[in-house]
Each structure stands twice: as C-alpha cells, then as structure tokens.
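Take a look at the structure set out below.
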Ligand code: RNT
Ligand code: ZN
C-alpha cells in the first residue's frame, strides 16, 4: 500500500472516531504496549525436543504442510521472523519440552534452569520476555492421570516436574525483570465412566497446593480448565468448575482457553464473573471448530466479544493475552501472523468502542440507541487505524504479509526436510 493511502485513510478515520469521542492515537498506543504471547508450539506441531513419543493428552495436530521447525535454532529463527513482521509487543511462550537439552535425555523430573539458559539469552537479545508451561503430555508417565494420579509415585513425579518448572519460570522472570506467566495445564481425565470423580479432584487440588506453596516472586502461576480431550471424553479432572473454585479460593490466575467450553457457551461472558473472584486471567486465544480443534485464531465474533468484554470490564491490565493453536495443514509462519493480527484487530476494535456513550444510553434506558450505535460501529473504518498502526511500526500493511511469508517459505522453510 502507498504511504499517502495509509496516512490519508487514517486521517479520515481519526476524524470519524473523534466525532464519537474516541481517540484513535490513544487506542494505537494501548495496542502497541499490550503484549501478546506467541506460543512456540505452532512452529513444530507441539513436538518439542525431548523425545519422539509424539503428542498425547487429548490434543492433536492435523496436517503435514512442509517446513516444520526441526531444531531449536529453527524454532527461534521462525519466531524471530514472525516477530519481525508484527507491530506492537510480543512475548514468547515456551513449553518445558522445548528446553535446550543438548541431545541428552533429561527426564521431566530432572529439568533445570540451565536447560533454558540459551532461551533466556536469545530472548534478551531479541528484547522479548518469556512465558512458560509445564508439560504433562507426550511422556511414558503421562497416561490418563498425572497430578491427579492415585499412584503416589506417579503423582510425585509430576509434582516434582511442575515445581521445577515454576523455578525455571521464576528464573526467567527475574532475568527479564517482568513476571514470567507459567501455565499449568494437565490433561488428566478418563475416556469412560468413573465412580471416582471426587477422588481425582481432591488429588489434583492437593497436588496443586503442594506445587504452589513455594513463594517465587519472579513468576505468576496460572491453571487452565478444559472441557474434554480426545480419548478422554467422559471426565476431565480440571474442569471449569474445579478451577473456578480453586482459583477463587487460592487466589490463583485462571487460564481461559477459548476452545475449552461447550460450543454454544459464551466465553466472553466469563471474564467479568471470573475477575470478581480470581486475581487475573491468562487468555489462550484459539478457534475451536466443533471441538477444541486449535484452528488459527480469527477476527470472529467470539474473539471480538472476548476483547470487548475485557475492555468493558476495565480489565486489560488484569488479562494476559496468549495464543494457543496448532495447525499443521497450512504455512505455520503464516498461521502465527494471521492469528496475532486477528487478535490485534479484535483488541483494537474493543479499544475503539464509544463506551462512554453506550453506557450513557444504557443508564438512560435507551435500548434502541445503544443497539443502533453498536451496530453502526461495525462499519467504522477500524481497518484504516490498523493499517496505520502497522505502517507506523514499519511492518507489512494489509495483505502485504502474504508475500513476506511466501518469501520466507521460499528461502527458509521450503528447504527443510
Ligand atoms: C490443551 C491446552 C493447552 C495446550 C498447550 C500445548 O487443550 O489448551 O494449553 O494447548 O499447553
Ligand atoms: Zn490452552
């Protein structure tokens, strides 16, 4: 796009929004400084560098588009390219299985800060902060139950793993001078009926209490609820109710993954309820297609509503935004850019909402006026604001990123294998 097209369109959009009392420059500023954490696992279909055990735990990638990252260097190279194409602030979200194990077998109960030293150095050189995840899946001891396993030896193994991960996250947070968000998602559940629902949940709560007991000021712990996993359809230990209660009573951060609820459930509606009782939210912005399929995030009604609710709840400072999807059927680098840009577009539209006027209408019982303004906002030129945000930050504007990804594919990812 030509410079004058971008700047002229922005000038007009700015005036249009200003007429509604909205400051587009301010919205851009907020968008620029709100971090979006990029999940490293879209680079390589959640394989990691620990073993060839493959995915388990009820999550799945489908597709075999060429160019998957095969080494740590390739993961970093891909993430660096993605970041170079994006305006605003990004973080990088690692799973434990992406440690720098130097080709050695390091079991999950042996992992140490040293295995993430090179990641910390890389992140520092890139000016990025890291987030972290313990990894319960893809291991001989994963089975159906980890932190909720009635076998004390297996449970102890995963408790040790998760404790170690918290210390790694703490080291990352201290190194970067900004808390590392560590997410705990365990796949624990059962394929078929159980008469021990209560028992596993008691065990999970006990394990988590033990894990979270250690004070680690460099990191923040988050726990992720889920509806079900593939092969674990009948029962999920860490359900929404379990974690809503857990987080409310323990004052722990709740991870809201948009793929983890009944398909007709309104995830956006959960934001204000949860935030009354839990300290903060971690978001895994995803796109479920019929199930928790982890399709690439899009600017759809679900994502838009989620960000509008966060802004309406004045909770942007209490919501940590992260992406979580893994599509192996299309260009993986392109998948990052589509999903991050979609998330930015949703946040931007939420920031451009004429909340003051809408609230005034609502208070005055003016239902027609509220609905009419909400509807009209959909046709306002937010795209011109988004283009300007990208142009101002020297990254591709509009569809320009398609050719940037094609170029990277030609020079880098197509040469793999
Ligand atoms: C699984 C959870 C979890 C994972 C990652 C890989 O359903 O969403 O967050 O996607 O930990
Ligand atoms: Zn998730």
Looking for something at negative phi, in a helix (DSSP H, G or I) and crowded, with 21+ Cβ neighbours inside 10 Å - is there at least one such residue anywhere in region 258-265? no
Can you name every residue in region 35-50 that is more than 26 Å from residue 291 (Cβ to Cβ) and in contact with a helix residue (DSSP H, G or I) (Cβ under 8 Å, 6 or more places away or on another chain)? 49, 50
Here is a list of conditions, (1) out of contact with any strand residue (DSSP E or B) (no Cβ under 6 Å at 6 or more places or on another chain); (2) within 15 Å of ligand 2 (Cβ to nearest atom); (3) in a helix (DSSP H, G or I), and residue 339 meets all of them except one; can you say which number that is? (1)
Regarding residue 208, is this residue over 24 Å from the mean Cα position of the chain (by Cα) and either in a helix (DSSP H, G or I) or crowded, with 22+ Cβ neighbours inside 10 Å (or both)? no
Looking at region 140-160 only, could you name the residues that are in contact (Cβ under 8 Å) with a residue 12 or more places away in the chain, surrounded by fewer than 24 Cβ atoms within 10 Å (Cβ to Cβ) and not in a loop (DSSP other than H, G, I, E, B)? 154, 155, 157, 159, 160
Give me the residue from region 319-336 that is assigned to a loop (DSSP other than H, G, I, E, B) and within 16 Å of ligand 2 (Cβ to nearest atom) and, out of that set, nearest to residue 46 (Cα to Cα). 326
Scanning region 221-269 for residues that are more than 16 Å from ligand 1 (Cβ to nearest atom), within 28 Å of residue 178 (Cα to Cα), touching a residue at least 24 places away in the same chain (Cβ under 8 Å) and out of contact with any helix residue (DSSP H, G or I) (no Cβ under 8 Å at 6 or more places or on another chain) gives 251
Do we have any residue at all in region 307-317 that's within 28 Å of residue 231 (Cβ to Cβ) and in contact with a strand residue (DSSP E or B) (Cβ under 6 Å, 6 or more places away or on another chain)? no
Among (1) touching a helix residue (DSSP H, G or I) at 6+ places or on another chain (Cβ under 8 Å); (2) within 19 Å of residue 138 (Cα to Cα); (3) crowded, with 23+ Cβ neighbours inside 10 Å; (4) touching a residue at least 60 places away in the same chain (Cβ under 8 Å), where does residue 188 come up short? (4)
Quick one: would you say residue 167 is part of a helix (DSSP H, G or I) and closer than 21 Å to residue 242 by Cα? no
Could you list, in sequence order, the residues of region 74-114 that are on the phi > 0 side of the Ramachandran plot and surrounded by fewer than 17 Cβ atoms within 10 Å (Cβ to Cβ)? 102, 103
In region 24-57, which residues are within 24 Å of residue 320 (Cβ to Cβ), within 21 Å of the chain's Cα centre (by Cα) and either assigned to a loop (DSSP other than H, G, I, E, B) or without any contact (Cβ under 8 Å) to a residue 60 or more places away in the chain (or both)? 33, 34, 35, 40, 43, 44, 46, 48, 57
List the number of the failed condition for residue 283; all other conditions in (1) crowded, with 22+ Cβ neighbours inside 10 Å; (2) within 15 Å of ligand 1 (Cβ to nearest atom); (3) in contact (Cβ under 8 Å) with a residue 40 or more places away in the chain; (4) at negative phi hold. (3)
Please specify each residue of region 358-394 satisfying the condition of being within 25 Å of the chain's Cα centre (by Cα) and loosely packed, with under 15 Cβ neighbours inside 10 Å. 383, 393, 394
Residues of region 357-384 classified as within 17 Å of residue 25 (Cβ to Cβ) and part of a helix (DSSP H, G or I), total: 3
Restricting attention to region 35-61, report how many residues are surrounded by fewer than 20 Cβ atoms within 10 Å (Cβ to Cβ) and farther than 21 Å from residue 186 by Cα. 1
Could you list all residues from region 297-318 that are surrounded by fewer than 22 Cβ atoms within 10 Å (Cβ to Cβ), outside any helix (DSSP H, G or I) and either touching a residue at least 12 places away in the same chain (Cβ under 8 Å) or within 15 Å of ligand 2 (Cβ to nearest atom) (or both)? 298, 299, 300, 313, 315
Conditions (1) in contact with a helix residue (DSSP H, G or I) (Cβ under 7 Å, 6 or more places away or on another chain); (2) more than 29 Å from residue 9 (Cβ to Cβ): number failed by residue 347: (2)
Give just the number: which of (1) in contact (Cβ under 8 Å) with a residue 12 or more places away in the chain; (2) more than 30 Å from residue 87 (Cα to Cα) does residue 116 not satisfy? (2)
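Yes/no matrix, rows are residues, columns are (1) part of a helix (DSSP H, G or I); (2) within 16 Å of ligand 1 (Cβ to nearest atom):
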{"site": "60", "(1), (2)": "no, yes"}
{"site": "73", "(1), (2)": "yes, no"}
{"site": "87", "(1), (2)": "no, no"}
{"site": "100", "(1), (2)": "no, no"}
{"site": "130", "(1), (2)": "no, yes"}
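Bear in mind these aren't lab numbers, they're just calculated from the coordinates by the rules spelled out. What you are looking at is a predicted structure, and each value in this text was computed from that prediction instead of being measured. Virtual Cβ from ideal backbone geometry, glycine too; neighbours counted across all protein chains shown.
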